[in-house]
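Trainee: Have a look at the structure that comes next, please.
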Amino acid sequence: LGEGCYVLSAGDYEIKLMKNSHEVIDSDTYTVREKIVYKDEAREGDKVVATNQFDYADGHDETVPVEYMSRATGLVLPIEKAARAASQAVLSSLTPEYKEDPNIKEIITGVDAGLMLEDMVGLDYDDPMWDTFLNQLTFEEMAELSAYGGYSTTEIESIGKVHTIDLDGPNGFNESNTTTGGDGGVAYPCETVIASTWSESLAELWGEALGNEASNYGVSGWYAPGANIHRSAYGGRNFEYFSEDPLLSGKMAARTIYGASKYGLYCYIKHFAINEVETHRDSNGLYSFVNEQAMREIYLQPFELAVKEGGATAVMSSFTRVGSVWAGASYELLTQVLRNEWGFHGMVLTDYYMSFSTYMDPYYGLVAGNDLWLAGISMFAQVVENENPTISNNVRRAAHNILYTVANSNAYGASVDRVADEDVFEWQILLTILNCVLLGAILILTIITVIRYILHKREIVSIIESRKILS
């Protein structure tokens, strides 16, 4: 409607309880009498008022109109792919333009304050002590930390930052990556099965189980859960995602992450964002054109809930492009929405960097808000070759995000101590009571059986003695 922010239009909204896609079990109507525009005040949970960020990704340009599937067109998918040439606007946006800030200051490095990473455990992200702590690092230390994130975060001896292990595996920790001599982790039901239970409590227990397992393996990070949408029933990795519904997906992801965090396991919620198809997704980055409303209401909502309700401190960006801009180089996605709107504090990791992933450029990624490169080789040279005040400031910011996440993980003692009494669900209390009742019943039955056995034995002995007398 042109407001550039969240809008709830006036009118009647029918809320339906469905048996399936066509049969209504029950329904009710909710009436919004006046249009509500979140323009002067942020939505609950947002840090700032949300405004349009993704108009550049809607695929429209002056020469080639785009027709979106909608209720107005009967929600019918096209039978054939439409051939179209990329416009100059699309071609021009392949390489993001970031202007150097002439007023940006050089970072302070190498000033020893005697602080170690363990001293930062539990401090707020914005605590002033972080500045003093980060001033101790050299540019090279911070660049190496950002440039090499292949299934781990690197050690920095000068600040006592330990090497941590991050593992993949949507259903549990992959066998090939575990630190237990080749023995794989527990194979849990896939995310779709877990979401099919509609049980947030079960999702949290799954997270707790993984967190507990990670603590025993010496694992601090998990490349999961996946929060992309089942846009099609034929999606190549649907098993790795919860649902076709963004609310259900977000609720399950949030509780899984919350459960895992109790044991100090940070979860890279992935793939951020609009990684809804596997075909060609890593071939120079699949172009995904989407309008602002669909982006917000469908594809971003699971991640939003994971951050706001699950407390996620790690995110994996995607191979794909938001419009024509690589997701890991989208300032609008990684900074404006994720951090400024949602209040995310933590690190953003790329998807796997391969020899043909040159579009996942460290310079553009760092400026946009991507912190860490999931690479089998160090990207150090590519970070350092672009060194200037803009890059050095963003490398420092990335180091802050990575170190903040690691400091508050099981690598530095965050554990099940975070589990509070109020987190125990009623059904768990009832189950405990039931177990006590059953154990009590078993004990009583055992005592009765023993007494009956003793009395029966005495009776037999008495009969035998009586027969001896008679004989």
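Trainee: Identify the residue in segment 234-255 that is surrounded by 24 or more Cβ atoms within 10 Å (Cβ to Cβ) and in contact (Cβ under 8 Å) with a residue 60 or more places away in the chain and, among all such residues, is nearest to Ala209 (Cα to Cα).
Mentor: This residue is Met252.
Trainee: Here is a further query. Give me a count of the residues in segment 114-156 that are farther than 14 Å from Ser392 by Cα, open to solvent by 50 Å² or more (accessible area, probe 1.4 Å) and over 23 Å from the mean Cα position of the chain (by Cα).
Mentor: 9
Trainee: Kindly indicate whether Ser220 is more than 13 Å from the chain's Cα centre (by Cα), open to solvent by 20 Å² or more (accessible area, probe 1.4 Å) and among the small types (Gly, Ala, Ser).
Mentor: no
Trainee: From the set of residues in segment 436-458 that are of a type outside the set (Val, Ile, Thr) and under 54 Å from the mean Cα position of the chain (by Cα), which is least open to solvent (accessible area, probe 1.4 Å)?
Mentor: Within segment 436-458, the match that is least open to solvent (accessible area, probe 1.4 Å) is Gly440.
Trainee: Next question. Any residue that is part of a loop (DSSP other than H, G, I, E, B) and either modelled with pLDDT of 90 or more or within 27 Å of the chain's Cα centre (by Cα) (or both) - is there at least one of those in segment 396-409?
Mentor: There is at least one residue in segment 396-409 that is part of a loop (DSSP other than H, G, I, E, B) and either modelled with pLDDT of 90 or more or within 27 Å of the chain's Cα centre (by Cα) (or both).
Trainee: Among the listed residues Ala82, Ala86, which satisfies the condition of being modelled with pLDDT under 70, part of a loop (DSSP other than H, G, I, E, B) and open to solvent by less than 100 Å² (accessible area, probe 1.4 Å)?
Mentor: Answer to the selection: Ala82.
Trainee: Could you pull out the residue among Glu276, Glu208 that is surrounded by 18 or more Cβ atoms within 10 Å (Cβ to Cβ) and at pLDDT below 95?
Mentor: Glu276
Trainee: Restricting to segment 291-308, and then to whatever is in contact with a Phe, Trp or Tyr (Cβ under 7 Å, 6 or more places away or on another chain) and of a type outside the set (Lys, Arg), can you tell me which residue is farthest from Met69 (Cα to Cα)?
Mentor: That would be Val307.
Trainee: Looking at (1) assigned to a helix (DSSP H, G or I); (2) modelled with pLDDT of 95 or more; (3) under 20 Å from Leu167 (Cβ atoms), which one does Phe239 not meet, given that it meets all the others?
Mentor: If we test Phe239 against (1) assigned to a helix (DSSP H, G or I); (2) modelled with pLDDT of 95 or more; (3) under 20 Å from Leu167 (Cβ atoms), just (2) comes out false.
Trainee: When you check Gly323 against the structure, is it in contact (Cβ under 8 Å) with a residue 12 or more places away in the chain, touching a helix residue (DSSP H, G or I) at 6+ places or on another chain (Cβ under 7 Å) and closer than 22 Å to Asp361 by Cα, yes or no?
Mentor: When the stated conditions are applied, Gly323 passes them.
The values are calculated or read from the model by the stated rules, or taken from the named source; none is laboratory data. Keep in mind the model is a prediction, meaning the values are calculated, not measured. So basically every Cβ, Gly included, is an ideal-geometry build from the backbone, and we count neighbours across all protein chains shown. Ligands, DNA and RNA are excluded from the accessible area calculation, which covers all protein heavy atoms including side chains. Shrake-Rupley method; radii C 1.70, N 1.55, O 1.52, S 1.80 Å.
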